[in-house]
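The structure appears below as structure tokens.
The numbers here are math on the coordinates, done by the rules we state, and not lab data. Not measured: the values here are computed from a predicted model. Cβ coordinates were reconstructed from backbone atoms using ideal geometry, including for glycine residues, and neighbour counts include every protein chain displayed.
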Amino acid sequence: MSKSEENKYYISSLFDFIDDAFRSGNNEIAEKIQSFIAQGKIKGREFNDEIFPMKGPTSNIDTGFIILQAGFLSYLWTVCYFMIGLIEIYQDKAGIDQPVVSLIDSEKFELLNHTFAWGKSLKPSIDAEFVPWPDHIANPMQKEIRVKQANQLLVLSASYLMYHELGHLVLHADAAEFIKTVKSPFYTLREGDSRRLRNMEIQADVFALDCMFGFPTEEHNRYMKFFAAIVTQLAEFFLRGMPDTRSKNYPDLDERLKRVLDRIDISDPGLKMNIDLVCSIGLQLFLTLTFAEFIPPDPDKFSFEDFDELKAYLFKIIDAWKEKYNA
Ligand SMILES: [Zn+2]
């Protein structure tokens, strides 16, 4: 294998850990998955080693396979890495008394940003060509603490996506024909199709959340899982070119994120704050990337009692954009 060929597969160093997290996230899940395998509802998992253009996870109801692509997982890894780094910077600056904390003037930002930008470059587009994982950015084989944390987060994030796909395999076996029909190239969606597809996605989301959080788990582990679920949802936001969270056949991105937020039951105040931080930094990053104004002209007005107030403010801005796009 040439150097660049090898680089392509940095992410494959995590495949075994992903399998393991999926199969044995906790005892109850391990049993559940064993029984799905016994019933033939799930046959296995396939890692597609293509890296460009990235393609999200899928499941094949006919074969019972869940398919994860190296390209998408690589992108997701860069998002995990980026979010962990941003929190680090935020914590470096904690205590600085100013209404708007800028994260980009930290010396740590450049590496974070280059890594994330490469991840985003795996997005399908006609003018881009595939660039193997460059040496000057972070990757999962490095030894730094931030890399290790990103690896841990990516593994949980991938298992969350697999539970979503498992949800389709378990719940939607009887919809195989419908799915094939609507996915065929020349099919025009009929009235009700989108709603049905959306409902199936909501069911799979709820199934995934039940697999992740439906059973008691140790607090720090549970915190990491919430962190991972939020980052997984945010990763979809960051692929958008406009501040538009609507989706045709899927629930809107903000709805899916809120569904995760509604499940959060972390009691440790420090961990709870980190979760809130991830969410609000993520939403602000989305608005920044899509050039949506969200800081009022007078930044003194950009101050909030707590994270709930800030989150509510950001979701309100997202709602306003949805209204604009709907109009
Ligand atoms: Zn789905």
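Couple of notes before you dig in:
- Relative to the compact-globule estimate of 2.2 N^0.38 Å, the Cα radius of gyration of the range 109-259 comes out at 1.21.
- As a proxy for reagent exposure, ranking 201, 28 by other Cβ atoms within 10 Å from fewest up yields 28, 201.
- Candidate lysines for bridging to residue 272, where Cα separation is under 17 Å - those fewer than 8 sequence places away on the same chain excluded: 225, 258, 311
- Extended-chain gain in nm, criterion 0.36 nm per residue less alpha-carbon gap, residue 191 and residue 114: 23.4 nm
- Extent along principal axes [Cα atoms of the range 20-86; Å; largest to smallest]: 41, 27, 13
- Residue 302/residue 131 FRET efficiency (R0 35 Å; Cβ-Cβ; nearest 0.05): 0.40
- The label point for residue 181 and the one for residue 249, both projected 7 Å from the Cα toward the Cβ, are 1.3 nm apart.
- Label-point separation, residue 326 to residue 240 (7 Å along Cα→Cβ), nm: 1.4
- FRET efficiency for residue 20 and residue 268, using Cβ-Cβ distance with R0 set to 22 Å, rounded to 0.05: 0.30
- Legend: helices of the chain (whole DSSP H runs) are marked when their alpha-carbon atoms reach 24 angstrom or more along the helix axis and their mean Kyte-Doolittle hydropathy is at least 0.5; marked are 70-93, 145-171, 269-289.
- What you get for the range 244-327, charging only the Cβ of Lys and Arg (+1) and of Asp and Glu (-1), is a dipole of about 460 debye around the Cα centre.
- Note on residue 31 and residue 13: the model spin-label points, each 7 Å out from Cα along the C-beta direction, lie 3.7 nm apart.
- Its Cα centre serving as origin, the chain has a Cβ charge dipole (Lys and Arg +1, Asp and Glu -1) of approximately 880 debye.
- Highest mean packing comes first when the peptides 282-291, 148-157 are listed by Cβ atoms within 10 Å, giving 148-157, 282-291.
- GluC sites (Glu not before Pro) restricted to DSSP loop in the range 207-294 with at most 16 other C-beta within 10 Å: 218, 293
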